[in-house]
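The values are calculated or read from the model by the stated rules, or taken from the named source; none is laboratory data. A quick note: this is a predicted structure, and the numbers were derived from the prediction, not measured. Positions of Cβ are backbone-derived with ideal geometry, glycine not excepted, and every protein chain shown enters the neighbour counts.
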Amino acid sequence: MIDLKFPDGSVRQYPEGSSGRDVAAAISKSLEKRTLLVRLDGELIDFDRPLWSGAVEFVDRSDPDALDTIRHDTAHVLAEAVQELFPGTQVTIGPNVEDGFYYDFARDEPFSTDDFAAIEKKMREIVDRDEKIVREEWDRDVAIAHFEEIGESYKAQIIRDIPADQQISVYRQGAWKDLCRGPHLPSTKHVGKAFKLTKLAGAYWRGDQNNAQLQRIYGTAWASEEDLAAYLKRVEEAEKRDHRKVGKAMDLFHIQEEGKGMVFWHPKGWTLYRALEAYMRRMTEAGGYVEVKTPQILDRSLWEKSGHWEKFGHAMFVCETDEGESLAVKPMNCPGHVQIFNVGQKSYRELPLRMGEFGSCHRFEPSGGLHGIMRVRAFTQDDGHIFCRDDQIESETTTFVKLLYQVYEDLGVELHSVKLALRPELRAGTDEVWDIAEQKLERAAIAAGMTVEMLPGEGAFYGPKLEFHLKDAIGRTWQCGTLQLDFVLPERLDAEYVGEDGQKHRPVMLHRAILGTFERFLGILIENYGGAFPLWLSPVQAVVATITSDADGFADEVAAKFKAAGLRVETDLRNEKVGYKIREHSLAKVPVIAVVGRKEAEEGKVAIRRLGSQEQTVVTVEEAITMLTAEATPPDLRR
């Protein structure tokens, strides 16, 4: 007999070999009908797999774990459909990715997105066939021989590389079969039809460019048609808001082949950048930070001492001089800040010392991973390091979190979640130091009123970190802000302060950022607002546009008064119809168009038209200035 503990705390016995389906059927037919998987002692297993003693839960379609399995099963249905339609195609691997899945295929002929309709039709047929999905455990040699025999050499290679102590499991899906760990749904009908193939890409076998070229088909799958429709709408909206597309339309920036991952900021883009930088400078100064500037290039010896050369050297740009020096362009600012801290003797009375820098950094990112200004090689961090005593960790964490919350509120983004990233496999410092650091950072997060989700293995190499994930206007989440607790770097770089006892002590170092990097955060803001920034951030806050050429002089006068009041303004005196001008500036996301003609010139007024509105308000120039300068005042200066 096996003992099963249920979510209500009750424990019941069932015969050895009972499956999840057997247990669910014994409880009720409705439970059996709606269950797709079983969670046993936290492990997800097939509904028809024999159970063992432990805590059991029944997983239906509404469970997030079910969605992961639906997506993986959809990948299997895709693979079966492709092999039915295109005999001779080999399947390789097909994992889940964010919002969907992909499957890599080996085929002599290229696929086309024109094939997607036929493949999706065949996938729906397989779902309708309600093919039973059954787990089988095979002998390793038998499995290799079988897949070699049916022409699946990639599967045979995967099996050869599986450690000897791991079981070989194969899932049958009707007559079709695939090597897989599982779990899977009971049959193909449970996959449903809320799926769509989305794109086609090239891929190398096992990600190695020296290996064979494969063809990757991506898709998305959801628990319901409504969820699929909502996702496709989000994708459509995201494409409209794509920062690369909006950035080009607004003439903000560009990136070219000769500077991969390096941003060329155009005048309007640099105006946006400087508006954000000025705001962040005021906020950090008000938060008690002193701003510093550290060198771009430092000797290899410092990076070796800090540990970056060993742990991060693969991502650093290095140069050798004729004098035999080995130098590296800084990938981060922290070692430089420790050097400033180390100049002169520091007392416990001077702590916490909050040091900030808008530090320009460079890291080598593979060209395939670069993405607009979201993922670049040259970037500027809103970096800060807090040198404090051990007893100040909680109060400094609380102070930082308040600052971060206020910045996100001012910038119109919402904090979604906070995660505590724990020790990675590649790290500096002893396990004992990591134990202390993780405990203290978790306690500090709780003291600051946060609920955190644990992320094993995701910490920085010198300490655990809090990750602040924000949510944008269309529901996507982004990890931007961080707070990292570091006992390692002060030790490695010999940072000290004199304590109240007259003895020397190591400071605690809190690495923190709110935006993360200006480039990525600006990309997020562009997409969050779709380019329609609040007036205080907008690169061009107003355009004075004429209806007729005899209002040109008045337009120049209005623009001059707007500029004198601190507004970022342009004029449009072209010999074009005013409707054309309005449409063009609306596409460029100019928030305010002040239209002037002969009548407005005679009366000393402007017709104010807002982005996205057909209405206009006629006011005097002075009233327009009062109204617009109030809106254009950054939020921190309004408080």
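A compact table of results
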quantity: Single residue of F533, F554, F521 found to be crowded, with 17+ Cβ neighbours inside 10 Å, among the aromatic types (F, W, Y) and over 30 Å from R281 (Cβ atoms); calculated: F554
quantity: Segment 159-215: number of residues that are part of a strand (DSSP E or B), in contact with a Phe, Trp or Tyr (Cβ under 9 Å, 6 or more places away or on another chain) and of a type outside the set (A, V, I, L, M); calculated: 9
quantity: Filtered residue count, segment 238-262, keeping only those that are within 26 Å of T198 (Cα to Cα) and either exposed (fewer than 15 other Cβ atoms within 10 Å of the Cβ) or of a type in the set (A, V, I, L, M) (or both); calculated: 6
quantity: Qualifying residue in segment 482-491 (condition: within 16 Å of the chain's Cα centre (by Cα) and part of a strand (DSSP E or B)); calculated: yes
quantity: Residue in segment 29-40 that is in a helix (DSSP H, G or I), touching a residue at least 12 places away in the same chain (Cβ under 8 Å), farther than 24 Å from T220 by Cα and not assigned by TED's automatic domain parsing to the domain that holds V191 present; calculated: yes
quantity: Given (1) within 39 Å of the chain's Cα centre (by Cα); (2) over 19 Å from E225 (Cα atoms); (3) not assigned by TED's automatic domain parsing to the domain that holds A118, index of the condition H76 fails; calculated: (3)
quantity: Residue within segment 407-428 that is without any contact (Cβ under 8 Å) to a residue 12 or more places away in the chain and either part of a loop (DSSP other than H, G, I, E, B) or not charged (D, E, K, R) (or both) present; calculated: no
quantity: Residue check, D383 within 27 Å of the chain's Cα centre (by Cα), crowded, with 16+ Cβ neighbours inside 10 Å and under 29 Å from V498 (Cα atoms); calculated: yes
quantity: Considering residues of segment 80-138 that are aromatic (F, W, Y) and out of contact with any Gly (no Cβ under 7 Å at 6 or more places or on another chain) only, the residue nearest to D46 (Cα to Cα); calculated: W138
quantity: Flag for S153 being of a type in the set (S, T, N, Q), in contact (Cβ under 8 Å) with a residue 24 or more places away in the chain, closer than 22 Å to A106 by Cβ and out of contact with any His (no Cβ under 7 Å at 6 or more places or on another chain); calculated: yes
quantity: Scan of segment 568-605 for residues that are buried (at least 21 other Cβ atoms within 10 Å of the Cβ), touching a strand residue (DSSP E or B) at 6+ places or on another chain (Cβ under 8 Å) and not in a strand (DSSP E or B), ordered by number; calculated: H585, V590, P591, E600
quantity: Scope segment 581-624; condition among the hydroxyl-bearing types (S, T, Y) and either within 14 Å of T546 (Cα to Cα) or modelled with pLDDT of 95 or more (or both); matching residues; calculated: T620
quantity: Selected residue (criterion: surrounded by the fewest Cβ atoms within 10 Å (Cβ to Cβ)) from residues of segment 76-122 that are over 23 Å from K189 (Cα atoms) and of a type in the set (S, T, N, Q); calculated: S112
quantity: Residues (more than 39 Å from the chain's Cα centre (by Cα) and either in contact (Cβ under 8 Å) with a residue 60 or more places away in the chain or assigned to a helix (DSSP H, G or I) (or both)) located in segment 128-142; calculated: R140, D141, V142
quantity: Selection within segment 408-450 - modelled with pLDDT under 90 and polar (S, T, N, Q); calculated: T430
quantity: Residue satisfying condition, being assigned to a helix (DSSP H, G or I), among the β-branched types (V, I, T) and in contact with a Ser or Thr (Cβ under 8 Å, 6 or more places away or on another chain), within set V77, V59; calculated: V77
quantity: Some residue of segment 537-548 being within 19 Å of P267 (Cβ to Cβ), of a type in the set (G, A, S) and surrounded by fewer than 21 Cβ atoms within 10 Å (Cβ to Cβ); calculated: no
quantity: Residue among D391, D410, D435 that is within 26 Å of the chain's Cα centre (by Cα) and of a type in the set (D, E); calculated: D410
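Listed here are the residues, each with its yes/no results for (1) outside the structural domain of F47 (by TED's automatic domain parsing); (2) farther than 27 Å from P183 by Cβ; (3) touching a residue at least 40 places away in the same chain (Cβ under 8 Å).
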site	(1), (2), (3)
E80	yes, no, yes
D99	yes, no, yes
A106	yes, no, yes
E109	yes, yes, no
S112	yes, yes, yes
F116	yes, yes, yes
E120	yes, no, yes
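Quick grid of which residues meet (1) charged (D, E, K, R); (2) over 20 Å from H511 (Cα atoms); (3) at pLDDT below 95; (4) not in a loop (DSSP other than H, G, I, E, B):
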site	(1), (2), (3), (4)
V290	no, no, no, yes
S301	no, yes, yes, yes
E323	yes, yes, yes, no
Q339	no, no, no, yes
R354	yes, no, no, yes
E365	yes, yes, yes, no
F387	no, no, no, yes
